[in-house]
Amino acid sequence: MKTKLTFAAALLAATVMGGMANAKQLVYCSEASPAGFDPSPWSGGNDFDASSRTIYSRLVEFDHGKTTISPGLAESWTVSDDGKEYTFKLRKGVKFQTTDWFTPTRELTAEDVKFSFERQWKKESPWYSYLAGTGWEYFAGMGFPDLLKEIVVVDDHTVKFVLNKPEVAFLPDLGMDFASIVSKEYADQLEKAGTLAQFSQKPVGTGPYQFVDYQVDAVIRYQAWDGYFGGRQKLDDLIFAITPDAAVRAQKLKAGECDIMSYPAPADIAGLKADTNLNVAEQEGLNVGYMAYNTTVAPFDKVEVRKALNMAVNKQAIIDAVYQGAGQAAVNPIPPTMWSYNKNIKDDPYDPDAAKKMLADAGVKDLSMKIWAMPVSRPYNPGAQRVAEMIQADYAKVGVKAEIVSYEWTEYRERGKAKDRDGAFQLGWTGDNGDPDNFLFLLGCSAIGQSNYAIWCNKEFEDLLQAGKATTDTAKRTEIYEKAQEVFKREAPWLTIAHSKVFMPMNKKVVGYAMDPLGIHRFDGVDVTE
Amino acid sequence: MFRYLLHKLALIVPTIFGISLAAFAFVRLLPGDPILAMAGERGVSPERYAELIERFGFNRPYIVQYYEYIIRVLGGDFGISLSTKRPVFGEFMTLFPATLELALVAMIIAILIGIPAGIFAAVKRGSWFDQATMGVALTGYSMPIFWWGLLLIIFFSGYLGWTPVSGRIGLQFFFKPVTGFMLIDSLLSGRPGAFWSALSHLILPSIVLATIPLAVIARQTRSAMLEVLGEDYVRTARAKGLSPRRIIGLHAFRNALIPVITTIGLQVGTLMAGAILTETIFSWPGIGKWMIDAIGKRDYAVVQSGLLIIALIVMAVNLVVDVLYAVINPRIRVQ
């Protein structure tokens with residue numbers, strides 16, 4: 001009886017509250033808690049969604065749903081002939097957010113831009129180490145400490161970046177999350193007060209939404225920033241309901257407890273699509289799932305053996321069973337949505353008989369090997385264990401005995417890097433910035449021991465990779481990368497498994513949400529209809 | 001009594017050191033380290049790796065690291081989280097009330113249902129009620145919590161729509177936490193409907209978390225009661241012509257209570273373990289989910305200090321149980 005009463009009361013309460021809604025609000029069921037709200041020290045997609053893409057803006061911005069860039073805080077820019085000087089003209093009248101904890105007295109200036117980068121770069125700045133042990137991973141990972149020579153404030157609204165060498169991806173790099181522009185005035189104020197840590201807990205930016213509150217591991221609240229230079233958002237309130245389990249997120253969406261969710265489990269997609277209240281947006285993911293041979297160990301050092309093993313695998317069956325159709329067989333190491341993707345390359349056909357013969361011709365008899373399976377589900381490979389089992393069965397048909405091995409996730413990647421690793425290693429990659437180099441570098445000679453799990457160093461490929469980095473001419477780079485893909489396919493250091501689709505289920509009342517190829521979740525321009 | 005307490009306290013000191021050492025070693029025995037965990041598929045260059053290891057001080061001898069850790073803890077400093085850069089103790093205090101609230105409600109459910117069910121099963125030994133109760137208890141005890149939680153969500157929240165799916169309170173209620181206990185804070189907020197919203201959010205997770213302790217308590221109560229009911233003094237009481245209610249309620253139950261209380265004390269550990277899964281599935285912002293995240297990220301500071309704090313709490317609860325035990329059973333005090 002008591003329980004019934006509780007339910008009834010809860011129901012009643014829900015009805016009463018339903019009538020109270022007047023502000024436009026969107027609830028996003030997100031997958032993990034952000035480490036903090038400073039956009040630069042952390043590198044997780046969930047950190048970016050909660051900080052850089054909501055609260056902050058950058059000099060240049062990726063176009064909604066694309067990998068091309070447009071002016072952001074910078075109105076225009078010029079590049080010197082040697083490609084080493086980028087001069088940006090800043091937009092005038094850009095206001096930092098006014099919050100309970102900060103009231104700006106001035107608009108955005110070149111000083112803010114300089115500070116935003118130098119705090120990640122100059123070790124003598126107190127901001128460099130304001131968070132204990134911060135390595136500014138992204139800034140370092142993109143090579144900025146070596147790339148930047150100096151940042152010059154020309155006048156209030158002009159800032160010049162001087163580089164040590166030309167860098168083709170410099171502009172897209174400035175659209176990345178770590179390059180978000182923060183307020184120097186706010187930083188100075190905190191420095192004076194000696195409360196530096198507040199910088200990442202009570203953020204201030206120039207972005208579409210301003211931070212309101214964060215209940216750790218539970219809820220993040222934002223509201224539209226009235227003074228946003230891009231125009232006030234249609235939503236009044238944006239709420240992130242942190243929900244780590246994918247199945248629970250799906251239930252919340254169905255129950256109307258959230259309006260949009262990230263990363264549905266492949267098994268839930270059919271059910272979500274069948275729900276008449278929901279739309280399931282989908283997009284080709286900017287990713288690749290692969291299996292890297294150890295090209296330094298016999299018999300995998302022979303191209304014919306690698307090719308034969310590739311031909312033994314029925315990729316379509318894997319895509320149907322593991323990706324549940326939400327993917328496509330991968331031919332090249334870069335996804336088809338990426339510029340310079342070489343459409344003319346044909347995949348090695350699925351042909352067990354030919355594979356068997358090729359192995360025999362290569363003198364390989366009674367081969368037994370290991371297949372490595374990741375212990376986690378990733379966007380580019382939702383079930384590595386199952387993939388490994390299917391490859392194992394396919395291999396058996398051509399007389400190759402395979403044993404599946406797996407380790408805890410961090411250990412897995414560490415062991416995979418060993419130069420004498422035994423067996424073929426499953427992994428994958430999701431792009432950062434839409435540049436082909438951001439995929440192909442995985443196979444570069446200098447990535448051995450880091451991200452090159454094929455331990456493959458091919459001179460021809462490496463030369464192309466370097467040539468592609470040295471020019472800014474897109475037509476020329478396209479040609480170079482098309483060639484690089486040919487070399488890759490000929491040499492077959494990987495079994496390219498699949499490019500997976502990414503899904504974004506949402507309530508039908510959500511309008512204007514564009515999926516982002518880089519996997520970012522952006523809510524500027526989104527609205528809800530009643 | 002005082003000596004008894006002193007004796008128990010004296011045992012705690014070496015235990016704490018043992019646990020701190022185990023926690024310190026355990027997280028370092030895990031493959032990988034915080035830097036590799038952070039790097040992901042991108043990997044990290046050997047130079048950069050060396051630099052970061054140096055910065056965090058992970059390259060120093062373990063004995064030095066442990067010594068510094070212990071000295072800091074004794075000074076009340078539990079360190080700074082490697083991933084969020086916030087003080088570990090502060091994070092713990094923010095999240096612990098949520099776990100405590102959930103665990104208390106779960107424990108109340110487990111006791112209020114488990115003990116009467118165990119008594120009835122013992123009294124009606126061999127009856128259908130006894131068999132059904134013990135069958136259900138065995139099922140509950142073997143229930144995989146994750147699956148069970150999801151099942152309840154799908155049925156009660158998805159299909160029937162009676163309870164919210166996850167979270168601690170409806171998102172429309174936004175107020176600053178005062179005590180950290182949502183049931184209390186929602187009342188303090190004065191917002192109509194807030195308390196009911198908080199309560200309705202508690203129902204499913206507390207049932208899920210209560211499942212295993214409930215089963216254990218019911219089974220323990222039943223067997224303790226059976227043992228006591230076979231004692232001579234119960235027979236004597238019966239022969240005296242006392243009413244069954246008096247025999248069971250006063251003579252038998254009080255004596256059967258001792259092992260049951262011990263069991264309840266031990267279930268605190270089970271609750272902590274269960275909280276990890278329950279919190280993850282119900283998006284409950286407590287320390288269980290916090291620990292799981294920290295282990296995944298190899299956040300040494302959070303894991304070693306978090307485990308230590310949790311162990312201290314479990315020990316404190318067990319100490320209280322021991323004292324309670326001595327209050328109920330005078331024989332203990334003498335030993």
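Quick look at the values:
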{"read-out": "Pick from segment A:420-437, criterion more than 28 Å from A:PRO336 (Cα to Cα) and acidic (Asp, Glu), ranking: surrounded by the fewest Cβ atoms within 10 Å (Cβ to Cβ)", "value": "A:ASP420"}
{"read-out": "Where B:PRO31 falls short, out of the listed (1) closer than 20 Å to B:LYS85 by Cβ; (2) not in a helix (DSSP H, G or I)", "value": "(1)"}
{"read-out": "From A:THR195, A:THR206, residue being part of a loop (DSSP other than H, G, I, E, B), of a type in the set (Val, Ile, Thr), within 14 Å of another protein chain (Cβ to nearest Cβ) and more than 15 Å from A:ASP47 (Cα to Cα)", "value": "A:THR195"}
{"read-out": "Tabulated pairs, segment A:471-486, first within 14 Å of A:PHE461 (Cα to Cα), second aromatic (Phe, Trp, Tyr) and surrounded by 15 or more Cβ atoms within 10 Å (Cβ to Cβ), C-beta under 6 angstrom, 6+ apart or interchain", "value": "A:ALA484/A:PHE461"}
{"read-out": "Hits in segment A:456-491 (condition: touching a strand residue (DSSP E or B) at 6+ places or on another chain (Cβ under 9 Å) and buried (at least 16 other Cβ atoms within 10 Å of the Cβ))", "value": "A:TRP456, A:CYS457, A:PHE488, A:LYS489"}
{"read-out": "Total residues in segment A:433-449, condition outside any helix (DSSP H, G or I) and either more than 8 Å from chain B (Cβ to nearest Cβ) or without any contact (Cβ under 8 Å) to a residue 24 or more places away in the chain (or both)", "value": "6"}
{"read-out": "Candidate set: segment A:1-54, residues that are modelled with pLDDT of 90 or more, in contact with a Leu (Cβ under 8 Å, 6 or more places away or on another chain) and not in a strand (DSSP E or B); chosen: the one farthest from the other protein chains (Cβ to nearest Cβ)", "value": "A:THR54"}
{"read-out": "Checklist (1) away from chain A (no Cβ under 11 Å); (2) without any contact (Cβ under 8 Å) to a residue 24 or more places away in the chain applied to B:ARG55, failing item", "value": "(1)"}
{"read-out": "Top-ranked residue of segment B:137-171 - restricted to ones that are surrounded by fewer than 18 Cβ atoms within 10 Å (Cβ to Cβ), over 26 Å from the mean Cα position of the chain (by Cα) and in a loop (DSSP other than H, G, I, E, B), ranked as farthest from the other protein chains (Cβ to nearest Cβ)", "value": "B:LEU160"}
{"read-out": "Whichever residue in segment A:342-365 is touching a helix residue (DSSP H, G or I) at 6+ places or on another chain (Cβ under 6 Å) and of a type in the set (Asp, Glu) and, among such residues, is nearest to A:LYS489 (Cα to Cα)", "value": "A:ASP348"}
{"read-out": "Spans of strands (runs of 3 or more DSSP E) in segment A:234-300 with at least 1 residues within 11 Å of another protein chain (Cβ to nearest Cβ) and in contact (Cβ under 8 Å) with a residue 40 or more places away in the chain", "value": "A:237-242, A:287-292"}
{"read-out": "Residue that is over 30 Å from B:PHE253 (Cα atoms) and surrounded by 21 or more Cβ atoms within 10 Å (Cβ to Cβ), where the choices are B:ALA194, B:ALA210, B:ALA224, B:ALA218", "value": "B:ALA194"}
{"read-out": "Any pair with Cβ under 7 angstrom, 6 or more apart, that starts in segment B:281-296 at a residue that is facing chain A (nearest Cβ under 7 Å) and ends at one that is assigned to a helix (DSSP H, G or I) and hydroxyl-bearing (Ser, Thr, Tyr)", "value": "B:LYS289/B:THR280"}
{"read-out": "Number of the exception - B:LEU242 against (1) within 30 Å of B:SER166 (Cβ to Cβ); (2) outside any helix (DSSP H, G or I)", "value": "(1)"}
{"read-out": "B:TYR4, sole failed condition from (1) more than 14 Å from chain A (Cβ to nearest Cβ); (2) more than 19 Å from B:ALA311 (Cα to Cα); (3) free of Cβ contacts under 8 Å to residues at least 60 places away in the same chain", "value": "(3)"}
{"read-out": "Residue in segment A:210-232 that is within 19 Å of A:PHE62 (Cβ to Cβ) and surrounded by 23 or more Cβ atoms within 10 Å (Cβ to Cβ) present", "value": "no"}
{"read-out": "So B:LYS124, is it of a type in the set (Lys, Arg) and surrounded by fewer than 20 Cβ atoms within 10 Å (Cβ to Cβ)", "value": "yes"}
{"read-out": "Among residues of segment A:401-432, those that are within 19 Å of A:GLN485 (Cβ to Cβ) and more than 13 Å from chain B (Cβ to nearest Cβ), counted", "value": "0"}
{"read-out": "Segment A:444-482 - residue that is of a type in the set (Val, Ile, Thr) and at pLDDT below 90 and, of those, nearest to A:GLY416 (Cα to Cα)", "value": "A:ILE448"}
{"read-out": "Test: residue in segment A:158-181 that is in contact with a His (Cβ under 9 Å, 6 or more places away or on another chain), β-branched (Val, Ile, Thr) and closer than 18 Å to A:GLY72 by Cα", "value": "no"}
{"read-out": "Qualifying residue in segment A:410-419 (condition: at pLDDT below 95, farther than 24 Å from A:ASN332 by Cα and surrounded by 19 or more Cβ atoms within 10 Å (Cβ to Cβ))", "value": "yes"}
{"read-out": "Pairs with Cβ under 6 Å, 6+ apart, first in segment B:182-207 and facing chain A (nearest Cβ under 9 Å), second of a type in the set (S, T, N, Q)", "value": "B:ALA194/B:SER186; B:PHE195/B:SER186; B:SER200/B:THR163; B:ILE203/B:THR163"}
{"read-out": "Residue identified as out of contact with any Phe, Trp or Tyr (no Cβ under 8 Å at 6 or more places or on another chain), surrounded by fewer than 13 Cβ atoms within 10 Å (Cβ to Cβ) and small (Gly, Ala, Ser) among B:GLY75, B:GLY90", "value": "B:GLY75"}
{"read-out": "Of all residues in segment A:396-414 being assigned to a helix (DSSP H, G or I) and closer than 14 Å to A:MET291 by Cα, the one that is farthest from the chain's Cα centre (by Cα)", "value": "A:TYR412"}
{"read-out": "Answer from B:LEU308, B:LEU319 - the residue that is more than 14 Å from chain A (Cβ to nearest Cβ), crowded, with 19+ Cβ neighbours inside 10 Å and in contact with a helix residue (DSSP H, G or I) (Cβ under 7 Å, 6 or more places away or on another chain)", "value": "B:LEU308"}
{"read-out": "Residue within segment B:280-292 that is modelled with pLDDT under 85 and either over 22 Å from the mean Cα position of the chain (by Cα) or of a type outside the set (Ser, Thr, Tyr) (or both) present", "value": "no"}
{"read-out": "Filtered residues of segment A:134-153 (kept if out of contact with any strand residue (DSSP E or B) (no Cβ under 9 Å at 6 or more places or on another chain) and of a type in the set (A, V, I, L, M, F, W, C))", "value": "A:TRP136, A:PHE139, A:ALA140, A:MET142, A:PHE144"}
{"read-out": "B:LEU312 part of a helix (DSSP H, G or I) and under 17 Å from B:LEU9 (Cα atoms)", "value": "yes"}
{"read-out": "Selection from segment A:207-222 of residues that are touching a Pro at 6+ places or on another chain (Cβ under 7 Å), in contact (Cβ under 8 Å) with a residue 40 or more places away in the chain and not β-branched (Val, Ile, Thr)", "value": "A:PHE211, A:ASP217"}
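The values are calculated or read from the model by the stated rules, or taken from the named source; none is laboratory data. These numbers come from a predicted model, not from an experiment. Glycine gets a Cβ as well: all are built from the backbone with ideal geometry, and neighbour counts include every protein chain shown.
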